[in-house]
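Enquirer: Before I ask anything, let me first share the structure, which is written out below as structure tokens.
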6 protein chains.
Amino acid sequence: MTIAVYPGSFDPIHNGHIDVIRRAARIFDKVIVTIANNEAKSPCFTFAERKELVEKSLEDCPNVEVDTLNGLLIEYVRKREASVIVRGLRAVSDFEYEFQMAMMNRRLNENIETFFLVPSEDHTFISSRLVKEITSLGGNVDSFVPLHVKAKLIEKLLKVKNKTSNTKKG
Amino acid sequence: MTIAVYPGSFDPIHNGHIDVIRRAARIFDKVIVTIANNEAKSPCFTFAERKELVEKSLEDCPNVEVDTLNGLLIEYVRKREASVIVRGLRAVSDFEYEFQMAMMNRRLNENIETFFLVPSEDHTFISSRLVKEITSLGGNVDSFVPLHVKAKLIEKLLKVKNKTSNTKKG
Amino acid sequence: MTIAVYPGSFDPIHNGHIDVIRRAARIFDKVIVTIANNEAKSPCFTFAERKELVEKSLEDCPNVEVDTLNGLLIEYVRKREASVIVRGLRAVSDFEYEFQMAMMNRRLNENIETFFLVPSEDHTFISSRLVKEITSLGGNVDSFVPLHVKAKLIEKLLKVKNKTSNTKKG
Amino acid sequence: MTIAVYPGSFDPIHNGHIDVIRRAARIFDKVIVTIANNEAKSPCFTFAERKELVEKSLEDCPNVEVDTLNGLLIEYVRKREASVIVRGLRAVSDFEYEFQMAMMNRRLNENIETFFLVPSEDHTFISSRLVKEITSLGGNVDSFVPLHVKAKLIEKLLKVKNKTSNTKKG
Amino acid sequence: MTIAVYPGSFDPIHNGHIDVIRRAARIFDKVIVTIANNEAKSPCFTFAERKELVEKSLEDCPNVEVDTLNGLLIEYVRKREASVIVRGLRAVSDFEYEFQMAMMNRRLNENIETFFLVPSEDHTFISSRLVKEITSLGGNVDSFVPLHVKAKLIEKLLKVKNKTSNTKKG
Amino acid sequence: MTIAVYPGSFDPIHNGHIDVIRRAARIFDKVIVTIANNEAKSPCFTFAERKELVEKSLEDCPNVEVDTLNGLLIEYVRKREASVIVRGLRAVSDFEYEFQMAMMNRRLNENIETFFLVPSEDHTFISSRLVKEITSLGGNVDSFVPLHVKAKLIEKLLKVKNKTSNTKKG
């Protein structure tokens, strides 16, 4: 049985992530989506929110599990008895960073391989950062994220905006 | 009549920006330079200062207008009845980011095109960030920005430095 | 009136080319598609064939003209009283070559600008070389070229193949 | 059972190829190394020679099969009931070409995925072209290819050289 | 006598830096390692700590001097009567940034050249950022930094972690 | 005494090459420009012609020697008691190829370093290929090559053209 781990911040999950996960789940016996619980990065969504959005987006995939990453990725992969790390590649800049990480991880554990996968051409230009920016400026992200993620984005980013405005007025 | 929008932070405007704007103004009937009024990015110059520096740098171009960008770029372009977004390309890293933005914007509005333009070879390596860094370290930026921008850079960055020193001493 | 020139080998024209031409034709008053009549490159299709395929693909665009390029591009652009060269950008490798050409052309004539345009995401990975390779190996190129180009590809590449086989047998 | 196909020219196979194949063979149930039998590319080694060198280099891997590719890769993968194409990524230029191929292949068959793998850092800079060039100039390729490939390289490239010299003298 | 300057943050120095410095020291008569004393970047190690780690790592190189950079690099190089800036190149993203800096520096002083050097393939993927991240997550950085740097990394990053935990509990 | 080797085809030498050689000659005690005598590449200029053009372009540089490369570069460098290979870097695509070559050469001889140098921004987009293409199409290459190289380009490329025309007519 081949287990693959797909790590990320998922702040929030978008159609590009979902596409990569579904493709990996067709190839590997099990795909564990691990969400980095990294406070240092000050994410827009709390860890619990991000996890819920990921779970809902993939609830129809029986061989996909959603989990939490607290420590070193390569250590996590070993503990979960996985042999593969899956990463999406969208652009050259992705590639260089991912290449560096893959080399580092191999140095830390020679038995775990990183496999790269290209998302569908419809999703190569989507990023969580852009999705948040467009939402906060009132743009429509219908074709970039599932509807339940869009709803949460609007709730979160407009709430934040209103709070800020109120503070300023006060 | 073809109207083009050239968006940016212009913190501050430099010779590379000016070169791209002048080239675009020779081709399109009107070029609107829109300055992003984005508080989140904590620019070095206030919005009013950035606008004044842009205006003064282009006061001899009758078909260039300087304006403010508050919301979503693609929405602004539509409202201004423009059909073209102009962007300068200096390097591969520019290209990837710009490519992603152009794809996103096209998805948001299929009728607006992004055109890329290469600045003169004398300006390909200039960036607002480097211009500020060199000024604050006492270097000469004569060949990177117009003289009135240089004067403002010195005023702003030395004022900031002196304030900091005073606060520390105090 | 702004006239743009879109140069290429078009051996043969594919949906990526057509997408760029149609987008340019919405912005500029006239787009001249110039086909390089370069014997040195030993194209798969004769010049007459390539011209016919381009013309048929764009017969519904009234402001698109198809013409021949015999000499230096920048000289041709000047003679045709065009002020813009249009080029499609699909990838970083495109970008570097195109950047070099744009700089060279500007040095040869400062008054002519090169504008870059990104084709639709559906077409970023199409190239004439791949279309020919897939056809010659019996693959289906329906989603990469118009039907009349596909027909010509099959005719040309199977004819060549059969001839080669016959020669060998003979 | 997951079957992966690793296609290439292997003219000749080098340590970078072997590293990627061994890594893939640890993850997938079966890896089919398919050698393109493409006369157009005028390889240095005949198809039979290339196949023998690949087979000998991997004779200790029970789940690696060596086969021939005559037609369209994606068609071959389908016929062999494989669901994965494996490709090595060494550099940005690799990435762009491979990205294009992966997108094309997905358009031709949505059910087959391309997975990219990074060879060991010791092998990222090896290419068949360089190995041939160094051998033909008398350099030592001990750390780039297995010994039996080195022997064949010397035999082939010196034979060719001597023949050429003789012809010239004659 | 040719003097070269190798500038950096060295937060902390790693094997990739050391490799580049040793290679440069074999070619140039003197190599001055200048550590940027830049408070703005909020480094993990204090300036004194970074300097000590660099000095200890290179104490066996008689023609390597360790010094402090307070102002503009190009001004420092001139004052030290050096004619060469040495920089390591690991990846395309490095290259673009370094290219821009080299062009800028040449514009500021035409008599000083930037030379780029590739670190050993064992070190191309090491970065100070990754080394800190791995340490703070409990990973082993034995093959990325000298032992005395590793000790300091553990001391510093675990101290910080414990402090943070205590503060939180408190 | 530090000796550097600058290898290339120089078919023909252009201002970008000359700029890199002059910069290297200011830093190293001696720069040997080695011209690859590679028949396989079917150069436009004969070896003797290329050598003469290089020599004339650098006759005012006392510490530059022009020589011939027949075998493996790294072997040549060792025989000439040089410790440095100098290469110009103009673009990302250059970088990747050069990176690969530098790694290969280091593997073949650990004691020889490759140093990369950026040509002046006026020359980053010049290539021998483009210079030949522009000349053969009647364009002016005054700002890309010295006058004596331009004269030889015209003589060679028009002679070739006329011959071809004559042959065809005949």
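The values are calculated or read from the model by the stated rules, or taken from the named source; none is laboratory data. All values reported here derive from a predicted model rather than from experimental measurement. Here the Cβ is made from the backbone with ideal geometry for all residues, glycine too, and neighbour counts use every protein chain on show. Remember, those area values only see protein heavy atoms, side chains included, never the ligands or the DNA or RNA. Shrake-Rupley method; radii C 1.70, N 1.55, O 1.52, S 1.80 Å.
Enquirer: Quick one: which of D:Lys150/F:Lys51; F:Lys30/F:Lys159; B:Lys30/B:Lys150; B:Lys152/E:Lys79; A:Lys156/B:Lys56 span more than 32 angstrom between C-alpha atoms? Kindly include the intermediate steps, with their values, before the conclusion.
Expert: Values: D:Lys150/F:Lys51 35 Å; F:Lys30/F:Lys159 37 Å; B:Lys30/B:Lys150 27 Å; B:Lys152/E:Lys79 28 Å; A:Lys156/B:Lys56 40 Å.
Exceeds cut-off: D:Lys150/F:Lys51; F:Lys30/F:Lys159; A:Lys156/B:Lys56.
Enquirer: So what does E:Tyr97 come to for accessible area, using a 1.4 Å probe and Å² rounded to 10?
Expert: Rounded to the nearest 10, the figure is 100 Å².
Enquirer: What angle do you read, to the nearest 10 degrees and between 0 and 90, between the alpha-carbon axis of helix B:47-57 and the longest principal axis of chain B?
Expert: Helix B:47-57 sits roughly 70 degrees off the main axis of chain B.
Enquirer: Follow-up. Between the range D:23-60 and the range A:54-113, how many Å separate their Cα centres?
Expert: First find each Cα centre; the distance between them is then 30 Å.
Enquirer: Okay, next question. Roll a 1.4 Å probe over the protein chains and send me the accessible area per residue for chain F in Å². Don't skip to the answer; put the middle values down first.
Expert: Working: 7320 Å² over 170 residues.
Spelled out: the 1.4 Å probe surface of chain F, per residue, equals 43 Å².
Enquirer: Here's a follow-up. How well do other chains shield peptide E:120-131, expressed as the mean number of their Cβ atoms within 10 Å of each residue Cβ?
Expert: Details: counts 4, 11, 4, 1, 8, 13, 4, 2, 0, 0, 4, 1.
Partner Cβ neighbours, averaged per residue: 4.
Enquirer: Would you mind classifying the range F:3-123 by shape? Square roots of the alpha carbon gyration tensor eigenvalues, ordered a ≥ b ≥ c; an a/c under 1.5 is rounded, otherwise it is prolate if a/b is larger than b/c and oblate if not. Write down the numbers at each step before the final one.
Expert: Values: a/c = 1.23, a/b = 1.16, b/c = 1.05.
Rounded.
Enquirer: Amide H to amide H, which residues 5 or more places from D:Gly8 or on other chains are under 5 Å from it, using H placed in the peptide plane?
Expert: D:Thr34, D:Ala36
Enquirer: Also, quick follow-up: Can you give the local net charge around C:Asp60? Use residues other than it whose beta-carbon is closer than 15 angstrom to its beta-carbon, Lys and Arg +1, Asp and Glu -1. Kindly include the intermediate steps, with their values, before the conclusion.
Expert: On the way: positive: C:Arg22, C:Arg23, C:Arg26, C:Lys56; negative: C:Asp19, C:Glu55, C:Glu59, C:Glu65.
Neighbourhood net charge equals 0.
Enquirer: Kindly report, to the nearest 10 Å², the accessible surface of F:Leu108 as traced by a 1.4 Å probe over protein heavy atoms only.
Expert: 50
Enquirer: For the protein assembly as shown, just say rounded, prolate or oblate: build the C-alpha gyration tensor, square-root its eigenvalues into a ≥ b ≥ c, call rounded for a/c under 1.5, and beyond that prolate if a/b exceeds b/c, oblate if not.
Expert: Numbers: a/c = 1.13, a/b = 1.13, b/c = 1.00.
The shape class here is rounded.
Enquirer: By its C-alpha gyration tensor, with a ≥ b ≥ c as the square roots of the eigenvalues, how is the range C:53-127 shaped: rounded for a/c under 1.5, else prolate for a/b larger than b/c, else oblate?
Expert: On the way: a/c = 2.11, a/b = 1.09, b/c = 1.94.
Because a/c hits 1.5 or more and a/b fails to exceed b/c, the range C:53-127 counts as oblate.
Enquirer: Step through the residues of the range F:114-129 one at a time and calculate ³J(HN,Hα) from phi using the Karplus curve (6.51 cos²θ - 1.76 cosθ + 1.60, θ = phi - 60°), rounding each to whole Hz and writing x for Gly and Pro.
Expert: The phi angles translate into 9, 10, 9, 9, 9, x, 3, 4, 5, 10, 5, 9, 7, 9, 4, 4 Hz.
Enquirer: Quote the FRET efficiency, to the nearest 0.05, computed for F:Asp67 versus C:Glu59 with a Förster distance R0 of 56 Å and r equal to the Cβ-Cβ distance. Display every interim value, and only then the final one.
Expert: Working: r = 60 Å, r/R0 = 1.06.
After rounding to 0.05, the efficiency reads 0.40.
Enquirer: Quick check: pseudo-label points 7 Å beyond the Cα along Cα→Cβ at A:Glu52 and A:Arg129, how many nm apart are they?
Expert: The two pseudo-label positions are separated by 2.7 nm.
Enquirer: Mind checking the mean number of beta-carbon atoms from other chains within 10 Å of the Cβ atoms in B:102-112?
Expert: Details: counts 5, 10, 11, 3, 5, 10, 6, 1, 2, 1, 1.
Taking all residues of B:102-112 together, the mean is 5.
Enquirer: State, to one decimal in nm and shortest first, how far the label point of D:Asn111 sits from each corresponding label point in the other identical copies (label point: 7 angstrom along Cα-to-Cβ).
Expert: For D:Asn111, the inter-copy label distances come out at 3.4, 4.3, 6.1, 6.1, 7.2 nm.
Enquirer: Determine ³J(HN,Hα), in whole Hz, for all residues of the range B:4-14 in sequence, where each value follows from phi through the Karplus function 6.51 cos²θ - 1.76 cosθ + 1.60 and θ = phi - 60°; x replaces Gly and Pro.
Expert: Listing the rounded values in order: 10, 10, 10, x, x, 8, 6, 10, x, 4, 10 Hz.
Enquirer: With θ set to phi - 60°, apply the Karplus curve 6.51 cos²θ - 1.76 cosθ + 1.60 along the range D:72-79 and write out the HN-Hα couplings as whole Hz, x wherever there is a Gly or Pro.
Expert: 3J(HN,Hα) across the range D:72-79, in whole Hz: 6, 3, 5, 5, 4, 4, 4, 4.
Enquirer: For chain F, what does -39500 (n - 2.57) per DSSP helix run (n ≥ 4), summed and divided by total residues, give at 222 nm, in deg cm²/dmol to the nearest 500?
Expert: Details: 6 runs with 80 residues, N = 170.
Result for chain F: -15000 deg cm²/dmol, rounded to the nearest 500.
Enquirer: Could you pull the accessible area for E:Arg78 with a 1.4 Å probe, rounded to 10 Å²?
Expert: Answer for E:Arg78: close to 120 Å² accessible.
Enquirer: If you fit an axis through the alpha-carbon atoms of helix A:15-27 and take the longest principal axis of the Cα set of chain A, what angle between them do you get, 0 to 90°, nearest 10?
Expert: Computed tilt is about 20 degrees.
Enquirer: Give me the net charge of D:Ile21's neighbourhood, meaning all other residues with Cβ under 15 Å from the Cβ of D:Ile21; Lys, Arg count +1, Asp, Glu -1.
Expert: On the way: positive: D:Arg22, D:Arg23, D:Arg26, D:Lys30, D:Arg50, D:Lys51, D:Lys56, D:Arg87, D:Arg90; negative: A:Glu113, D:Asp19, D:Asp29, D:Glu55, D:Glu59, D:Asp60, D:Glu65, D:Asp67.
Surrounding charge for D:Ile21 is +1.
Enquirer: Once you keep just the Cα pairs under 8 angstrom separated by 6 or more residues, what percentage relative contact order results for chain B?
Expert: Details: 230 pairs, mean separation 46.1, N = 170.
Relative contact order comes out at 27 percent.
Enquirer: How far apart, in nm, are the 7 Å Cα→Cβ label points at F:Ser120 and F:Lys159?
Expert: Going by the 7 Å Cα→Cβ label model, 3.0 nm.
Enquirer: Given a 1.4 Å probe and every protein chain left where it sits, what share in percent of the accessible area of the protein assembly as shown is carbon and sulfur?
Expert: Looking at the protein assembly as shown in its full context, I get 50 percent from C and S.
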